[in-house]
Amino acid sequence: MNSVEALEELFAHAPAAIFRERKDAIPGDLRISWRLSVLCMLLQRFRNNRATLEHLHIVWWAMRSPDSQQLFLRWFDGDKRPDELIVRFDPSLSVTVDLALGEDLVEVSSTGAIGLSLIGYELALEVWKEPEVLVAEKAFLSKLPRKMTQSSLKELTEWI
């Protein structure tokens, strides 16, 4: 069973209190499957597939809207305007990391860095292979530097 099938099985057997039918659709970024998939894809963009929670929060914030994506990409293109960057920390990212830990998608190193496990890496690869899945997220992630470094994001946090 590959990681995508394992996640489908997990979501199929989740308690009804978590997954129940609603009148209004839930935005994609609030869905657990979106969060776990994006977290794995995001970690792939960091050097050695690992990042600190603080740096994950920064890029997670950037992914949330087209405006924040543009600000973030401009930063990496050298157009640094610290008065425009108002990074928000999303408490649900910590919950997402905890869920990913529970599903063995990520692991935490002795230094506290969050890194992809083999299962998480395979999940990210599977998502990248599907052309109709997470199209906007893939487009943004593709524009990021190939392997973001901790130092490149540390510079950004020093401006905040």
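The values are calculated or read from the model by the stated rules, or taken from the named source; none is laboratory data. Note that the structure is predicted; figures quoted are calculated from it, not measured. Cβ placement follows ideal geometry from the backbone for every residue including glycine, while neighbour counts extend to all protein chains displayed. Ligands, DNA and RNA are stripped out before the accessible areas are found, and what is left, the full protein with its side chains, is counted by its heavy atoms. Shrake-Rupley method; radii C 1.70, N 1.55, O 1.52, S 1.80 Å.
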### Number of the exception - Q44 against (1) modelled with pLDDT under 85; (2) open to solvent by less than 60 Å² (accessible area, probe 1.4 Å); (3) under 24 Å from E130 (Cα atoms)
(1)
### Task
Select from the stretch 100-110 the residues that are within 15 Å of R35 (Cα to Cα), touching a residue at least 24 places away in the same chain (Cβ under 8 Å) and open to solvent by 20 Å² or more (accessible area, probe 1.4 Å) and list them in ascending order.
E103
### Query
Pick from R64, R88, R50: which is at pLDDT below 90, crowded, with 18+ Cβ neighbours inside 10 Å and either aromatic (F, W, Y) or within 21 Å of I32 (Cα to Cα) (or both)?
R50
### Message
Can you list residue pairs whose Cβ atoms sit under 8 Å apart, with the first residue in the stretch 111-124 being within 17 Å of H57 (Cβ to Cβ) and the second being among the β-branched types (V, I, T) and assigned to a helix (DSSP H, G or I)? Count only pairs 6 or more apart in sequence or on different chains.
### Response
I114/V97
## Note on the structure
Those residues of the stretch 128-160 which are of a type in the set (A, V, I, L, M, F, W, C), closer than 16 Å to W60 by Cβ, modelled with pLDDT under 85 and assigned to a helix (DSSP H, G or I) amount to L153, L156
### Residue, most open to solvent (accessible area, probe 1.4 Å), within the stretch 125-147, restricted to residues that are in contact (Cβ under 8 Å) with a residue 60 or more places away in the chain and of a type in the set (D, E)
E126
#### Entry: Odd one out for L125, checked against (1) at pLDDT 85 or above; (2) part of a loop (DSSP other than H, G, I, E, B)
(2)
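Yes/no per residue for (1) at pLDDT 70 or above; (2) open to solvent by 60 Å² or more (accessible area, probe 1.4 Å):
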| residue | (1), (2) |
| --- | --- |
| A14 | no, no |
| I18 | no, yes |
| P27 | no, yes |
| F72 | yes, no |
| W75 | yes, no |
